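Laboratory data are not the source of any read-out in this text; all were calculated from the coordinates shown. Since we're looking at a predicted model, the values are computed, not measured. Every residue, glycine as well, gets a Cβ built from its backbone with ideal geometry; the counts of neighbours run over all protein chains shown.
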């Protein structure tokens, strides 16, 4: 079940824009008149072409970066066709509206009713809107990219450093082990969030910077685990035999030791993935993680946690539930891998 949840989130992250109802970059289409609308809210819009049309993009650009919006979306309560254009009742708030008129030239259509009606669209907000009138459903889908991205990049970075440092300490021992573990113990004594703060303030705030900061702060657990595993395996007969045959250290490490500790490495990778998602959400909530308008589940909670008091709970609860389910899935997957690879529990 955990694997299915993770696979589903990965697919959603990859195909976020095709699945989203708001396909604009970062799902950042603001309709301020529709602030904090409930689940399933429906509204009719008049699409008014922008004066400067966006440049057409390729399929891959649309898949990964979205499609620049070519229209201004005007929420309306009703409309009437005129001889030279269309008059709409512009929705401002509940019980508040004004009249707007657009000529056919402004709308870039002819006087044919069929052409004008193509600019009238009724849209359903499946999960409602946020405080800026953006589609929560679309931002939730695209926000999955941040969580999956931070997990992948930080795990690759933390495992790379952890494997190198842990293997060197466990294999060579002596002063190398002392130096590595001295450094590991210093980092271990610093709270993770405080360490990430320091790294973030050094390299800056942003999409890639936060991924690197989390990766640089989470390698110590991997290094300690790998060091212990290497110290055990290097005393086994097949490693001693490889030494006596004169094999080089790097060959023994890469061909004989690392393949035999792939199980523990996989478990720590799953654990670090879950930790990275939580840390990124916490940093974004504090305002030093992913920066607006890019959607992040932690940032979405920050922007709407005060809605819990106002009664519109979905804007804050939905990203929180998404974080909880994804972290739980990775923790369960790590436990399952550990039980599968632990020979002591196998009959």
Please give the helix 136-172 orientation as an angle from the longest Cα principal axis of the chain, in degrees from 0 to 90, rounded to the nearest 10.
-> 10
Between residue 82 and residue 310, what is the FRET efficiency for a Förster distance of 35 Å, r being their Cβ-Cβ separation, to the nearest 0.05?
-> 0.30
Nearest-0.05 FRET efficiency for residue 201 and residue 235, computed from C-beta distance (R0 56 Å) = 0.80
Rounded to one decimal in nm, the spacing of the 7 Å Cα→Cβ label points at residue 39 and residue 11 is 2.2
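Could you calculate the contour length gain from residue 179 to residue 324, that is, 0.36 nm times the residue separation minus the distance between their Cα atoms, to one decimal place in nm?
Numbers: separation 145, 0.36 × 145 = 52.20 nm, distance 3.77 nm.
Extra length from residue 179 to residue 324 when fully extended: 48.4 nm.
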Return, ordered by residue number, the residues of the stretch 100-144 whose backbone nitrogen is under 20 Å from a label point located 7 Å along Cα→Cβ of residue 57.
-> 134-144
Please work out the Kirkwood hydrodynamic radius for the stretch 41-125, using every pair of different C-alpha atoms, and report it in angstroms with one decimal place.
-> 14.2
Under the definition of Cα pairs under 8 Å and six or more residues apart, what whole-number percent is the relative contact order of the stretch 208-343?
-> 24
Helix-only CD estimate at 222 nm, as mean residue ellipticity for the chain, using -39500 (n - 2.57) per DSSP H run (n ≥ 4) | -18000 deg cm²/dmol
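At a Förster distance of 22 Å, what's the computed FRET efficiency of residue 99 paired with residue 30, Cβ-Cβ distance as r, to 0.05?
Taking R0 as 22 Å, the efficiency between residue 99 and residue 30 is 0.45.
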Could the peptides 162-172, 252-262 be put in order, highest first, of the mean number of other beta-carbon atoms found within 10 Å of their residues?
-> 162-172, 252-262
log₁₀ I(q)/I(0) of the stretch 280-347 at q = 0.11, 0.14, 0.18, 0.22 Å⁻¹, via Debye over equal Cα point scatterers, no solvent, to two decimals?
-> -0.40, -0.54, -0.70, -0.88
Helix 220-233: angle to the longest alpha-carbon principal axis of the chain, degrees 0 to 90, nearest 10?
-> 30
Run the numbers on the stretch 258-333 and let me know its relative contact order in percent, using alpha-carbon pairs under 8 Å that are six or more apart.
-> 31
With all pairs of different alpha carbon atoms counted, what Kirkwood hydrodynamic radius in Å does the stretch 210-322 show?
-> 17.2
Per the chain, sqrt(5λ) over the Cα gyration tensor eigenvalues, sorted largest first, in Å, gives 54, 19, 18
Ordered by packing density, taken as the mean number of other Cβ atoms within 10 Å over each peptide's residues, highest first, how do 149-156, 46-53 rank?
-> 149-156, 46-53
When only Cα pairs under 8 Å and 6 or more residues apart are kept, what is the percent relative contact order across the stretch 41-125?
-> 36
Compute the label zone of residue 70 within the stretch 108-129: residues whose backbone N is under 16 Å from the point 7 Å along Cα-to-Cβ.
-> 108-110, 115-121
For the stretch 254-331 and the stretch 193-252, write down the distance between their C-alpha centroids in whole Å.
-> 22
Between the helical axis of 192-203 and the dominant principal axis of the chain, each derived from Cα atoms, what acute angle in degrees is found, rounded to the nearest 10?
-> 70
